[in-house]
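All remarks here apply to the structure that follows.
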Amino acid sequence: MIRHRPYGSGHAYATTNDQRVPVLPLAGAPVELRVRASERVSGVVAEWDDGTDVVVLPLTPWDPASEPDPPSTGDGHLAAAQERALGGGPSWRTTTPPLAAGRRHRYRFRTTGGPERATRWFEVCAGQWRPDGGRLVVDGRDLVVPGSVEWLVSPDGVHRVRFALPLAPGEHVVGFGERFDRVDQRGHALDAVVFEQYKDQGATGRTYLPMPFATVVGGDGWGFHVRTSRRTWFDVGATTPDRLVVEAETGPEGRIELAVYDGAPAKVLDAFLGEAGRPEELPAWVFRLWASGNEWNTQERVLAEMDRHRDEDVPVGVVVIEAWSDESTFVAFRDARYEVHEDGSPHRLADFAFPPDGAWPDPKGMVDDLHARGVRVLLWQIPLQRTRPYPQGQARADVRVMVEKGYGVREADGRPYRNRGWWFPLALLPDFTDPEAREWWLAKRRYLVDEVGIDGFKTDGGEHAWGSDLRHADGTRGDEGNNLVPVRYAAAFGDLLRACGRPPVTFSRAGFTGSQAHGCFWAGDENSTWEAFRHSVTAGITASACGVLYWGWDLAGFSGDVPEAELYLRAAAMACFAPIMQYHSEFNHHRRPPRDRTPWNIAARTGDDRVLPVFRSLAHLRERLVPYLAEQARDGLPLMRGLFFAWPDDPRIWDRPRQYLLGDALLVHPVTEPGARTWETYLPAGGWVDVWSGTRHEGGGVVSRDVPVDVIPVYCREDRWPSLREVFHPGS
């Protein structure tokens, strides 16, 4: 066996041991050619044809583990899978002579020891940066720096464009989707591609929810949107301080559009949402406490946890049940008995028998019970059809239907695409651009809404389309369509809920431009550390700056051992003043002691008797905040607003970038450092009231207050205090 994939796996940040590096070389530079071979192969050579001569290049063995760019970080159930995804086994590589401009080169590989094998011929040609070759269309004020436009062109066509926009002194650049590393990206470089970074997003700069949109705050006030779903890169004054350099894939047509919006941040965002899509108002119950744990995998356990909330007087509004399905079809409850529909047609509730001693003896009865308590129910989904281990029963029939009818995203040669990522590897990916495939996928889940009565879906995943050469049913290639997979995924499930007369409550982690219009979001997988807490606050502010209204996070993290009591309560206080307040915990193989993030488990594990009463108080406060949050959400503006929205010309707001407005009345400054006893907050111009003490402060300066573990600094605009006093001091 000898294998070479010129484009590798399509991993956005790491190369594989069987690809060409770089995929698109530049003229005058060599390229590294890599292959994988079986253990029986003792030698490999490459035949390199530059159009005038054929030379033989010997390959040398190498160890991919020596490379500095493995993608995984930390521990947990996905970290090892990430490492395996890059592939192992004997690997070989060589370096070619420099590539000539304007010429097509060919190469192939053959073995020189062991079984004789040879690959097909592959083509590669070099690109050159040129001042011509494509067309940049500017909609709005043309801020493109004269002479800065360049096109990367090869004999295959136009591949990329880059150009510069001016940055004036004192301007700050915010946006680019949900970003964990910083609010102001000036002085830094980043890219925009949907990627499943399992934990440590703040350290890597990678994100589930990027967007090629940003607002330039200060100065004249403006923003921009690169109107593309292809990958983009941004050098925000990192190389040249007064220039923001944009680089974007173009596709062979060589055309790219840039929208420029003038005005203050709110006006810029409004113009962008006019294109991308505005958030749809969701019911007020989404603002109540959300509860979940990946090991709540039986009806008995779910009801017991809801009983405990009731008994501990911790009001809860939503339960998210992750481990409910057979995790083969993601349609049937685990342990349910039913006849296989060989044609892949949907089941109805009456088709299932639920064993009385099984995991879910009465799903509809459970949902009815929870509804009677005022608790809404979401079920977990992923947009994949598993093929490993070898599927049986209904999963086997569904795989066959997907392949025979072409319901999945396809490889360039027409074969079904099989997930190249580390989570459910080799699974089929439904193509939501195909109306028939979309309807088939949703129809199988309709009984869950229509008959079982669930209220929404946790639309997890969405980052599984890897490879620029994939083919979507609407005619787009992977380079154009892959970033849109999570947008279409959430939209599809929202449509299913609407069709059943329900509001479109989805809960996603991945997205792109257009996701603003589709449900709720959380900040993905993260550790239970103070650093991750700080990064998550940043993520909420930046996601909101791009128009994401319903945003939350796994308060105090979901991965690893339980957080210390102080971190848990500080994080819970911040989540109380976030658009979505929810806790969740990672699967831990049911090992003891448990790692649930319930307040009673944290109290038991830490031995801190403050945890339960403080969390209870926060949960009740959250209940009283619901009317305010629902009222504020009606105008479609983000709820979690960086202070630059209201005070773009105040330079002092950047000294404490994790302060934010919750709606238009409350200024929140989470305590994000362990051991803090006092906390300083900058209050912009105007009158402010400390919501806990009732003390009035005149804005334009820094105030300090004591912050015991049950206090988060929150200040209310003075003119709004009479209407909000009761929220913080009920019965006063």
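What follows draws every value from the coordinates through simple rules; no lab data is involved. The shown structure was predicted, so the numbers you read here are calculated from the model rather than taken from an experiment. Note that each Cβ is placed from the backbone with ideal geometry, even for glycine, and that neighbours are counted across all protein chains shown.
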Mean separation of Cα contacts under 8 Å (6+ apart) over length of the stretch 387-460, as relative contact order %: 21 percent
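Could you list Asp181, Asp649 in order of exposure, starting from the residue whose Cβ has the fewest other Cβ atoms within 10 Å?
Details: Asp181 18, Asp649 12.
With the sparsest Cβ surroundings first, the list reads Asp649, Asp181.
Relative contact order for the stretch 640-728: what is it in percent, counting Cα pairs under 8 Å that are at least 6 residues apart? Present the calculation step by step, with values, prior to reporting the outcome.
Working: 147 pairs, mean separation 23.9, N = 89.
Dividing the mean separation by the residue count of the stretch 640-728 yields 27 percent.
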Difference of contour (0.36 nm per residue) and Cα-Cα distance, Glu680 to Asp132: 192.0 nm
Spin-label model distance (nm) - Leu426 vs Thr112, 7 Å beyond Cα toward Cβ: 3.3 nm
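Under 14 Å from the Cβ of Ile541, count the other residues' Cβ atoms, weight Lys and Arg +1, Asp and Glu -1, and hand me the total. All intermediate terms of the calculation are to be shown ahead of the outcome.
Values: positive: Arg179, Arg182, Arg534, Arg641, Arg656, Arg658; negative: Glu178, Asp181, Asp184.
Taking every other residue near Ile541 into account, the sum is +3.
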Tilt relative to the chain, helix 530-545 - C-alpha long axis, 0 to 90 degrees, to 10: 80 degrees
Cβ-based exposure ranking for Val537, Val702, in which fewest neighbours within 10 Å come first: Val702, Val537
Label zone at Glu718 (point 7 Å along Cα-to-Cβ), backbone N below 18 Å, the stretch 690-711: 690-704
Pairwise FRET efficiency - Glu451 versus Glu726, Cβ, R0 = 35 Å, nearest 0.05: 0.30
Computed label-point distance, nm, for sites Asp63 and Arg400 using a 7 Å Cα→Cβ extension: 4.7 nm
FRET efficiency, Glu631 to Arg388 (Cβ-Cβ, R0 51 Å, nearest 0.05): 0.60
Ala284-Asp561 FRET efficiency (beta carbon distance; Förster radius 35 Å; 0.05 resolution): 0.50
Between helix 363-372 and the chain: long-axis angle, C-alpha atoms, 0 to 90°, nearest 10: 40 degrees
Average Cα contact separation per residue, the stretch 262-363, under 8 Å, 6 or more apart, as relative contact order %: 24 percent
Residues of the stretch 119-145 with amide N under 13 Å of the 7 Å Cα→Cβ point at Lys267: 141
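For Glu253 and Asp139 in the same chain, what is the full-extension length gain: residue separation times 0.36 nm, less their Cα-Cα distance, in nm? Can you show the working numbers first?
Numbers: separation 114, 0.36 × 114 = 41.04 nm, distance 1.87 nm.
Extra length from Glu253 to Asp139 when fully extended: 39.2 nm.
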On Cα atoms only, tilt of 485-499 relative to the major axis of the chain in degrees: 50 degrees
Amide H partners (placed H, <5 Å) of Gly187, local residues excluded: Val236, Gly237, Ala238
Student exercise, the chain dipole from Lys, Arg, Asp, Glu Cβ charges, in Debye to nearest 20: 1080 debye
Residue-span extension gain [Glu327 to Asp357] - 0.36 nm each, minus C-alpha spacing: 8.8 nm
